[in-house]
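Input: a single structure, listed below in structure tokens.
The values are calculated or read from the model by the stated rules, or taken from the named source; none is laboratory data. Just so it is clear, the model here is predicted, and its values are computed rather than measured. Reconstructed Cβ throughout: ideal geometry from the backbone, glycine too, with neighbour counts over all protein chains shown. When the accessible area is computed, the model is the full protein with side chains, heavy atoms only, and any ligands, DNA or RNA have been set aside. Shrake-Rupley method; radii C 1.70, N 1.55, O 1.52, S 1.80 Å.
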Amino acid sequence: MPANLTPDYLAAEREFKSAQSQAEKVAALERMLATVPKHKGTEKLQADLKRRLSQARKESQKKGAAHSAPFYAVEREGAGQVALIGPPNAGKSQLVCTLTHADPEVAAYPFTTRFPTPGMMTFEDVQIQLVDLPPVSPEFMEPWIPQVVRYANLSVLVVDVNDAELLKQIEFIERTFESHRLAPPRLLAANKLDLPGAEANLAALEDLYAARYPIVGLSTAARLHLDRFARACFDALEIVRVYTKAPGKKAEIASPFILRRGATVQDAARLVHKDFAEGLKFARLFRLTGGHDGLMVERAHVVQDQDVLEFHI
Ligand SMILES: Nc1nc2c(ncn2[C@@H]2O[C@H](COP(=O)(O)OP(=O)(O)OP(=O)(O)O)[C@@H](O)[C@H]2O)c(=O)[nH]1
Ligand SMILES: [Mg+2]
């Protein structure tokens, strides 16, 4: 092995070794070939890389994969980003079409979706970003999906509750998440509840998986339980809404501040205004839904969803 390989080359070689898919291997080999020092001492290595690259390209074409792995970063917007993961034809795109203004293609055949499509779903007074993704299945998975999942705040598993392959599909997706070291999905959305026999299938699914996931049965087509789905996404994000009010005034309910569950009055103050954060003595706590009227709370007090805070400095 020639001694003068560059750090760029060695990094590309490490990428090759950890490549999970054929497309990732092709991309890594391309980078290795581009970064290998070009001189007499590396001629054998260059020839070897070219041979391996053409081999890897053939393999990736066989599997219908792309030549190199494109990267799709979906910029986060709203209170949280939720990646929709599921087998082909589960209704992921239909869900995004129905709940947001986005318009990904929906079709009765599998592998319709090829690219990520974000859209904003309204839950009460917050916007949650859903990201429609191509399917995950043993036949094929776009190699960039794990990157999008890793970047999202969480993923939701969307399945067709009537699919004969349902349990295999869930197991396959769980294994895929494990092998890519992805945080497991935090919610299971069982779609197509409008079809005959779906309720019984949902009950069976709950028997098997209720201990592992919160499960929401829904029908995108019949617009059934979509509100439950939105609420479940909000809960899974583990965020809380906090409103502010000035003394003697009404609460500012137009746009809540979003905090992580477990955040304190001090964290809320920091988000609202630097002056509140620095000089905060105490806050008065109200509830948007009524109650707690003006209770005095300290900085370390943990806020609850829909708390209304009046800061005193
Ligand atoms: N009966 C019924 N059909 C549905 C429902 N939701 C989606 N579909 C149908 O299921 C098919 C697949 O829907 P898509 O939204 O394209 O599925 P997908 O999960 O995005 O599929 P891929 O992009 O291939 O992964 C379409 O024919 C939809 O009309 C539902 O709630 N009930
Ligand atoms: Mg789709």
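Kindly express, to the nearest 10 degrees and within the range 0 to 90, the angle between helix 166-179's C-alpha long axis and the longest C-alpha principal axis of the chain.
Tilt relative to the chain: about 80 degrees.
Can you give me the long-range amide H partners of VAL136? Hydrogens built in the peptide plane at 1.01 Å from N, cutoff under 5 Å, separation of 5 or more residues or another chain.
So VAL136 has HN proximity to GLY86.
Okay, which of segment 81-103 sit inside 16 Å, backbone N to the point 7 Å along the Cα-Cβ direction of GLN127?
Answer for segment 81-103: 81-82, 99-103.
Can you give the FRET efficiency to the nearest 0.05 for ALA73 and ASP305, using r as the Cβ-Cβ distance and R₀ = 35 Å?
Efficiency for this residue pair is about 0.75.
Zone of GLN61 (label point 7 Å along Cα→Cβ, backbone N under 13 Å): which residues in segment 33-48?
Of the residues in segment 33-48, none has backbone N under 13 Å from the label point off GLN61.
Determine the gain in length on full extension of the stretch GLU171-ALA34; use 0.36 nm per residue of separation and subtract their C-alpha separation, reporting nm with one decimal.
Going from the current span to full extension adds 45.4 nm.
Helix 22-35 versus the longest principal axis of the chain: what is the Cα-based angle in degrees, 0 to 90, to the nearest 10?
Taking Cα atoms only, the helix is inclined about 70 degrees.
Of the options GLN61, LEU187, VAL297, report the single residue whose Cα projects farthest towards the positive end of the charge dipole of the chain (beta-carbon charges: Lys, Arg +1; Asp, Glu -1).
GLN61
For the chain, give the percent of accessible area contributed by carbon and sulfur heavy atoms, probe 1.4 Å, rounded to a whole number.
Carbon plus sulfur share of accessible area: 53 percent.
Which loop-located trypsin sites (Lys or Arg not before Pro) does segment 214-313 contain, where loop means any DSSP state but H, G, I, E or B and the Cβ has at most 14 other Cβ atoms within 10 Å?
Counting only loop positions with at most 14 other Cβ atoms within 10 Å, the trypsin sites (Lys or Arg not before Pro) in segment 214-313 are ARG223, LYS249, LYS250, ARG261, LYS281.
My understanding is that a pair violates if its Cα-Cα distance is over 29 Å; which of LYS58/LYS192; LYS17/LYS38; LYS50/LYS168; LYS92/LYS250 do that in this structure?
LYS58/LYS192; LYS50/LYS168; LYS92/LYS250
Taking +1 at the Cβ of each Lys and Arg and -1 at the Cβ of each Asp and Glu, which of ALA73, TYR109, LEU157 sits farthest along the dipole of segment 53-166 towards its positive end, judged by Cα position relative to the Cα centre?
ALA73
Let me know the charge dipole size of the chain about its Cα centre in debye, to the nearest 20, where only the beta-carbon of Lys, Arg (+1) and Asp, Glu (-1) is charged.
It works out to roughly 1180 debye.
With a Förster radius of 25 Å, plug the Cβ-Cβ distance of LEU195 and ILE253 into 1/(1 + (r/R0)^6) and report the FRET value to the nearest 0.05.
Efficiency, rounded to the nearest 0.05: 0.05.
Taking amide hydrogens as modeled 1.01 Å from N in the peptide plane, which residues meet the under 5 Å criterion relative to ALA102, leaving out close sequence neighbours?
Answer set, sorted by chain and number: MET120.
Note the direction-averaged projected area, equal to a quarter of the hull surface, for the Cα convex hull of the chain, in nm².
21.4 nm²
Roughly how compact is segment 129-212, stated as its Cα Rg over 2.2 N^0.38 Å to two decimals?
Output field value: 1.11.
Pop a pseudo-label 7 angstrom from the Cα along the beta-carbon direction at both LYS281 and GLN20 and give the gap in nm to one decimal.
Placing both labels 7 Å along Cα→Cβ, they lie 5.4 nm apart.
Long-range amide H contacts for THR264: which residues qualify at under 5 Å (H placed 1.01 Å from N, peptide plane, sequence gap of 5 or more or a different chain)?
Under 5 Å from the amide H of THR264 lie the amide H atoms of VAL303, each far enough along the sequence or on another chain.
Sorted by mean Cβ packing within 10 Å, highest first, what order do the peptides 134-142, 192-200 take?
By packing density, highest mean first, the sequence is 134-142, 192-200.
Considering only DSSP beta bridges whose two residues both sit in the chain, what percent are antiparallel, to the nearest 5?
Counting DSSP beta bridges with both partners in the chain, the antiparallel share is about 60 percent.
Restricting to DSSP loop positions (anything but H, G, I, E, B) with no more than 16 other Cβ atoms inside 10 Å of their own Cβ, which trypsin sites (Lys or Arg not before Pro) remain in segment 1-51?
In loop regions of segment 1-51 (DSSP not H, G, I, E or B), the sparsely surrounded trypsin sites (Lys or Arg not before Pro) are LYS38.
Setting aside same-chain residues fewer than 8 positions from LYS274, which lysines have a Cα under 19 Å from its Cα?
Cα-Cα hits under 19 Å: LYS245.
Would you check the accessible area of TYR151, probe 1.4 Å, heavy atoms only, in square angstrom rounded to 10?
Roll a 1.4 Å probe over it and TYR151 shows about 100 Å².
Report, to one decimal in Å, the Kirkwood hydrodynamic radius for segment 60-196 based on all distinct Cα pairs.
15.2 Å
Provide the per residue accessible area, probe 1.4 Å, for the chain, rounded to a whole number of square angstrom.
About 52 Å² of surface per residue is accessible.
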